[in-house]
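The values are calculated or read from the model by the stated rules, or taken from the named source; none is laboratory data. Being a predicted model, the structure only gives us computed values, none of them experimental. Every residue, glycine as well, gets a Cβ built from its backbone with ideal geometry; the counts of neighbours run over all protein chains shown. For accessibility, only protein heavy atoms count, side chains too; no ligands or nucleic acids. Shrake-Rupley method; radii C 1.70, N 1.55, O 1.52, S 1.80 Å.
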Amino acid sequence: MTQLVLIVLVLAGSGFALIAAIGIWRLPDALMRMHASSKSGTLGGGLLFFAVAIGVGEFDVVVRALAGVAFLLFTTPIASHLIARATYLLGVPRDPSQVRDDLEGRYDLNARVCQAPADVVAGASSPVRGADSPSTGTGGGAA
């Protein structure tokens, strides 16, 4: 039974790693490539770490494999965000199929500061809070 689980984990992990590699190779722009590598690569790497942990079965190897999975899960989203932000700030061209830009008109590229939308700024500056608006503490008001 253990051998079957190992085969499934290794094949699934390798498959997701292959999908990530194909995505990096075939997708048209940096943001799409980043998405493919972060999602599929993390899942593939995590499954391979689990396969190693189950296959070897020693306590120290299991701990290291779990640490590797935790490292992937904690660092990949941050790295993906930084890559996406850098491509946006540098003005790397996007694929024409990407027609929506939520940061257009809000991001000052010279100062590298993102401004909140006007409706959010107007709502935050109102002195009266509604019953359904979130509070900053358990007492219901600002500290």
Across segment 42-81, what is the total count of residues that are among the charged types (D, E, K, R) and assigned to a helix (DSSP H, G or I)? 2
Out of segment 44-74, which residues are of a type outside the set (A, V, I, L, M, F, W, C) and open to solvent by 80 Å² or more (accessible area, probe 1.4 Å)? E58, R64
May I ask you to say which residue of P96, P134, P127, P77 is over 23 Å from T2 (Cα atoms), modelled with pLDDT of 85 or more and loosely packed, with under 10 Cβ neighbours inside 10 Å? P96
Would you say L90 is without any contact (Cβ under 8 Å) to a residue 24 or more places away in the chain, under 30 Å from D119 (Cα atoms) and over 17 Å from the mean Cα position of the chain (by Cα)? yes
Across segment 7-28, what is the total count of residues that are surrounded by fewer than 16 Cβ atoms within 10 Å (Cβ to Cβ) and either acidic (D, E) or touching a residue at least 40 places away in the same chain (Cβ under 8 Å) (or both)? 1
